Every structure is written in structure tokens, then in C-alpha cells.
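The values are calculated or read from the model by the stated rules, or taken from the named source; none is laboratory data. Nothing here was measured: the structure is a model prediction, and the numbers come from that model. Cβ coordinates were reconstructed from backbone atoms using ideal geometry, including for glycine residues, and neighbour counts include every protein chain displayed. Only protein heavy atoms, including side chains, enter the accessible area calculation; ligands, DNA and RNA are left aside. Shrake-Rupley method; radii C 1.70, N 1.55, O 1.52, S 1.80 Å.
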Amino acid sequence: MKTWFMNLSLAQKLISVLLLAGLLPMLVVSVLSASISTQQLEQQSFEHLNAVRQIKSAAIKRYFDQVHSQVITMADTPMVVSAAGSFTRSFKRVLNSENYDALQILEFRQALKTYYTDEFAVKYAQKNNGASFNTNNAIAKLNDLATVMQTRYIAQNEYPLGEKDKLSKTDGESIYHRVHTKYHDSFRQFVKEFEFYDFFIADAKSGDVVYSVYKELDYATSLLDGPYSETNFAESFREALTLKKGQSILKDFRPYPPSYEAPSSFIATPIFYKEKRVAVLVFQIPLEPIDAIMSERSGMGETGESYLVGEDYLMRSDSYLNPENHSVSASFKNPETGSVKTQSVEEALQGKSGNKIIQDYSNKQVLSSYSKINFTHFSWVILSEISVAEAFSGIRSMKWALLVIALVCAIAITLFAFYISKLVSTPILQLGNTIQQVEREGNFQPLLRNDYQDEIGNTSRAFNSLLSNLSSSITGTNTVLEELGKGNYKEKVSENYPGQLGMLTHGVNAAVKDIQEANAEQLRQQALADKNAKAAETAALEAKNQARQTLIIKQALDVSATGVMIANADFNIVYMNKSADALMLDAEQDIQKDIPGFDSSTLMGSNIDIFHKNPAHQRHLLQELRDSFKVELAIANLNFFLSA
């Protein structure tokens, strides 16, 4: 990486550095901004969802607390207590009061079957995708009293299906009809005022539904052994029989056949007369108030919704985004497509609450805030969710804005980088090109034109000064050398230069001086040599003459009859003529008597000390000579004459 970067041109380096210095911080800031904004937006979104969920959860609890208060309050009012006593007593006496015989009851049963088949079953099929209602089973479980009362108040009711509540009065001898007329309008008004689905009074002993506002098929049936004794309506009745005054039992939504299998919830409380439980008051709770709470979507955008899920994973409020499959009705009718088994639901049913990004029931990524709503005998999960795409749409817009800004800034930074790199690199490149030209041509004349007062300008001017000094010093040196070649030793480099150039010119001047001095010395030595040559010639001539004379002497000594030996300054014998050599050989034995070990054959080159008994004395005498010296030595029968 370093090698690659260093191999780039200066302009490329500058552009790379400027782009890196400009774009990297911007990229880091953009990424951090997007990340922080995403976190903050996610936190804000979850806080909003959490607030919505808590508000709706509190509203649901308040609604059911209100329903509890209403049913408890109504059960304790004198009117309801009185009505319960009157309805339960008069209901039992209807058959006796009106003297129906078996044929009439049979006719009633047939008329009732016709109503079930032609009206109720048709609407039931419409609301349940063509499913049929088991009319025969429902009719078979009706006793005679239930048959008579349903015929009078339902089958013979002049009002159409769904409007049977409008009948307040009917003819007959039974006191029940007058009791019904007395209380029905008040109870009907209460139901409409507080938007209950229905209002029931059931006999505490027989379980008979002695009164109903809307007169559906559960009217007059027994909740103990009638056709709907296995429903949550019947369960609420039976559990209410064990409650004390002021207590109520709430049952979760389940499909309810008399209401065309619409999911229905019931709340029940006992009615006491003088501390005696005489009846049970039951409200059938509609979905509409719950849906009204959950469908309020202020601040939830296009994909936000809040909904309820039961312990069976089925809906307890209608979905805003997918009502076809996830309304309460659709969910109960088709659990395969209408159930909600998301991570949030699973964790909430375990008692956890929190906020997460999950896949919702439509397999879309959502921000989900969830918790559990606990009732006495069951619990629901409440969820507030919004799609990730919508929740983070602001982030996407911001990211696009940051991207556009980044692109604009990148272009601006790139253009600026090119401009600055050209502005900075041009004088440097000119300097480099000039240096290369000087290197290539060896010409120190080129000059740079740069008047800027920055480092590059200063460097250019310094380089110009360097070139000028080099050119001047080289020119001066060449001039000196040319004059030197002509034999002119007086020419010098006159200008002063700094540093090594100064050392160079000083060296040239010093060299010229040395050459001048060497030339003078050479002339002196030549004169001396000429003089010495003449002296040598004279000495040679004298030596030649001396050699000639020496040769003559040697020739004379060689033929002399007298034995002659010559020793040098170190007292070594360097010459013996033939007479001396013969003499020493002849006298060798005699001499050996005085000088043991004497050998005439090795005498040449030997030291004359062998002839002296005290050589040191003789040496001292000879070394201290200031004049000629002669002495006679007697050895054996020979006499030696020493001359020095």
C-alpha cells in the first residue's frame, strides 16, 4: 500500500489525500448521523407505540371495570330485584295460566321449527359461509314452556329477525306478559344506552332464561340442560351461582350459536332478594366498544394498528390492516388463517412485556410493543405495531438527503482537490522538470519563475541561486583551468560561495597555488639536478680514474711475491693475493698451534680478530685512530705487518 501510494504522481497524491481528508470525515459523520437517527427514531417510535398500547390497555380495563360496575349496580337496583322476582315466578306459571293443551304445544313447536328453518337458519348460513344450523337438535332440547315462550315472543313476533326487541306487549292470560310490558322498555333503553348486545335474567334454580331484551334463540331455554348449556353463557350463569353479592364473573369471547356464531362474551352476577339468590343477571358484551377503543388510530400513520389476541391466539379486536382474515369473526371462523402466533404474542402470554422488531401475522417486519392484560379467569395480549418501512421512512429520506449531499460534496471536493493539486503541484513539477533538464543537459543556466512567497517559491528562488552559483563557480573554474593550461598561474576564482561550492573554489585556488609552487620547486629542482648532474659527471670521471688506478694496484698486488691481505672497516678480510693465500696454506699447521681452529680455506671473509689474543684491545686502538697506524704481529714463525 505504501509503495503503491509513493509511486503515484504528486498530483495524484494530493488528490487522493484531499479526497480522503474530505470524504472520510463526511462519510463517518453521515454513517454516525444515520445510525444515531435510526436509534433515536426507533426509540421514539417504540415510545409512541408503548404509550398507545398503555393508553388502550388502560381503556380496555376501564371498559370492563365499567361493565362490572354496571352489572353489579343493576343487579342491586330495586327495579331489577323486583323484575327478577316477578319474571321467575310468572314464567313458571305460563302453561298453567294459559291452559295450553298438547295439540297447541305441537302446533307451537311446528311453527317454531318453521321459523328456525325459514328465517334463522337462512341468516345463519349467510353469516357462516353456507354452514347449516342444526334445527332439529335445537328444537328437540326445548321443553314445552320454552316452546310456548319462543313461539309467542319470537316466532309470532310481528317484527322481523333482528328487531324482536321492539315487541313489548303480547296478549295472554299469564301475569308474565304484564311483567314483561312493565320492565321491557326500561331494560331495552338501558341496553341501547350502554351498547350491550343483550340483557338476560335467568332463574337461579331452573336455569331458565326468563327474560331477554333481543329475544334470540337462547330466550326461555335452560342454561342447565337446554340446547346452549355448553356455551360460555351457560358457564357464566353456573359460576355466578357461587358468587357473593357485589361479585361478577366475566367469560372470554367464544362463538355463540344464537348470535349466528358471532364471538360473544358474557358477564354475570347473582341477584339477591333479602339475602336469597333468586336469579342471575347476565350482560352479553358486544365487540363494538372494544373495537372502538382499539381502532382509534390517531398518530399511527398508514400501517400502524393496535389489536387484541386471546390465549387461543385468535383475535379479540378487528385488525385495521387485514380485516378479511384477522377480524374477530374471521379469526374464529378460520383459525388457520386468522390466528396470530408471533414472537410478541408468545412472549406476552408468558407474562413478558416489551418492544421488538418482529415479523407480524402478515410476515411483514414491524415495530411491536406488547404486554398482557389479565382478567380474573383469562388474559389477552394487547399489541401496538407499525411497519418498519413507515416508522423509518424519515430515516430513508434523511439517508437519501445525506447521499445527495455527499455526492454534491464529493464532486465539490474532487473539483477542489484537482484545482489545489494543480495549483500546488505545478511549481513543484516545474522545479522537478528543471532539475531533470539540468541533470540531462548539464546546463546550469535555466531559471525558474516563481514569485510566490510560500515554501515552494522560496525553494525555487533558492534553486535559482544554487544554479547561478554553480554556473558562476564552474565558469570561474573553467577560466582558471584554461589559464592554468596556458601557463598562467595568477588567475583565480575571485567570487566567494557558500558551503561546498566555496570549498570547491577554494580548492581550485589552492590547487592553482600548489601547482604554481610545485612549478617553482620543479624549476629549482631542475636547476639543482643540472648542477648535480655536472658534479656526478665529474665524480664519475674521477671514479673512473680511481678505478683504473685501483685496477693497476690490484694487478700489481696479485702478482706480488709478498703476501697481502686487506680488511674493511668492519675488520673483515676482503682481499688476499695469491701469495698470501699460498703462505697461509703452507703455514696453516704452524698457525694452528697459536690459533686453534685456524683454517686457511675459510680465511677470506673472516674477521682479523682471529689473529689477536685480545681483539677488543686491537679494535679499540683501530677505532680510535686519528692517523696512520702500523704494527707488527708475530704468529708462529710468521711476521704480519698491520697497516691502517
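Key figures
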item: Residue satisfying condition, being farther than 30 Å from ASN374 by Cβ, among the hydroxyl-bearing types (Ser, Thr, Tyr), modelled with pLDDT of 90 or more and open to solvent by 30 Å² or more (accessible area, probe 1.4 Å), within set SER97, SER16, SER86, SER35; result: SER97
item: Only listed residue being of a type in the set (Lys, Arg) and assigned to a helix (DSSP H, G or I), chosen from LYS422, LYS372, LYS341; result: LYS422
item: Only one of PHE283, PHE237, PHE199, PHE266 that is in contact with a Gly (Cβ under 8 Å, 6 or more places away or on another chain), open to solvent by less than 10 Å² (accessible area, probe 1.4 Å) and not charged (D, E, K, R); result: PHE237
item: Every residue from the range 448-479 that is touching a helix residue (DSSP H, G or I) at 6+ places or on another chain (Cβ under 6 Å) and over 25 Å from GLY502 (Cβ atoms); result: ASN450, ILE456
item: Selected residue [open to solvent by less than 50 Å² (accessible area, probe 1.4 Å) and at negative phi] from ALA511, ALA561; result: ALA511
item: In the range 529-553, the residues that are open to solvent by 70 Å² or more (accessible area, probe 1.4 Å), hydrophobic (A, V, I, L, M, F, W, C) and either outside any helix (DSSP H, G or I) or at pLDDT 80 or above (or both); result: LEU541
item: Positions within the range 143-182 being in a loop (DSSP other than H, G, I, E, B) and aromatic (Phe, Trp, Tyr), in sequence order; result: TYR159
item: The range 127-167, residues that are hydroxyl-bearing (Ser, Thr, Tyr) and over 28 Å from LYS192 (Cα atoms); result: SER132, THR135
item: Test: residue in the range 571-590 that is open to solvent by 70 Å² or more (accessible area, probe 1.4 Å), outside any helix (DSSP H, G or I), acidic (Asp, Glu) and without any contact (Cβ under 8 Å) to a residue 40 or more places away in the chain; result: no
item: Positions within the range 100-125 being at pLDDT below 95 and either assigned to a loop (DSSP other than H, G, I, E, B) or closer than 15 Å to PRO257 by Cβ (or both), in sequence order; result: TYR100, ASP101
item: Scope the range 44-82; condition surrounded by fewer than 19 Cβ atoms within 10 Å (Cβ to Cβ) and of a type in the set (Lys, Arg); matching residues; result: LYS61, ARG62
item: Where a residue in the range 471-493 is surrounded by 16 or more Cβ atoms within 10 Å (Cβ to Cβ) and its partner, wherever it lies, is among the basic types (Lys, Arg), with Cβ under 7 Å and at least six apart; result: VAL480/LYS492
item: Conditions (1) of a type in the set (Ser, Thr, Tyr); (2) modelled with pLDDT of 80 or more; (3) open to solvent by 30 Å² or more (accessible area, probe 1.4 Å); number of the one not met by SER344; result: (3)
item: Residue tally, condition in contact with a helix residue (DSSP H, G or I) (Cβ under 9 Å, 6 or more places away or on another chain) and either open to solvent by less than 20 Å² (accessible area, probe 1.4 Å) or of a type in the set (A, V, I, L, M) (or both), over the range 107-123; result: 6
item: Set ASN374, ASN355: member being polar (S, T, N, Q), open to solvent by 20 Å² or more (accessible area, probe 1.4 Å) and over 18 Å from GLU311 (Cβ atoms); result: ASN355
item: Given (1) outside any strand (DSSP E or B); (2) surrounded by fewer than 19 Cβ atoms within 10 Å (Cβ to Cβ), index of the condition ARG277 fails; result: (1)
item: Within the range 196-227, tally of residues that are of a type in the set (Lys, Arg) and either more than 10 Å from ALA279 (Cα to Cα) or part of a strand (DSSP E or B) (or both); result: 1
item: Residue satisfying all of: in the range 494-512; part of a helix (DSSP H, G or I) and touching a residue at least 24 places away in the same chain (Cβ under 8 Å); farthest from ASN443 (Cα to Cα) among these; result: VAL512
item: Checklist (1) crowded, with 20+ Cβ neighbours inside 10 Å; (2) free of Cβ contacts under 8 Å to residues at least 24 places away in the same chain; (3) farther than 23 Å from THR114 by Cα applied to VAL209, failing item; result: (3)
item: Residue within the range 324-336 that is touching a residue at least 24 places away in the same chain (Cβ under 8 Å), outside any helix (DSSP H, G or I), open to solvent by 30 Å² or more (accessible area, probe 1.4 Å) and not small (Gly, Ala, Ser) present; result: no
item: Test: residue in the range 371-392 that is in contact with a Ser or Thr (Cβ under 9 Å, 6 or more places away or on another chain), among the small types (Gly, Ala, Ser), more than 23 Å from ARG297 (Cβ to Cβ) and at pLDDT below 95; result: no
item: Conditions (1) open to solvent by 10 Å² or more (accessible area, probe 1.4 Å); (2) farther than 30 Å from PHE87 by Cα; (3) of a type in the set (D, E, K, R): number failed by LYS251; result: (2)
item: Sole residue being farther than 30 Å from ILE382 by Cα and outside any helix (DSSP H, G or I), chosen from LEU8, LEU14; result: LEU8
item: Cβ-Cβ under 8 Å pairs, at least 6 apart or on other chains, the range 163-178 side within 12 Å of MET149 (Cβ to Cβ), far side exposed (fewer than 12 other Cβ atoms within 10 Å of the Cβ) and not aliphatic (A, V, I, L, M); result: HIS177/ASP171
item: Residue under evaluation GLU230, criteria (1) within 18 Å of GLU261 (Cβ to Cβ); (2) open to solvent by less than 10 Å² (accessible area, probe 1.4 Å); (3) in a loop (DSSP other than H, G, I, E, B), criterion not met; result: (2)
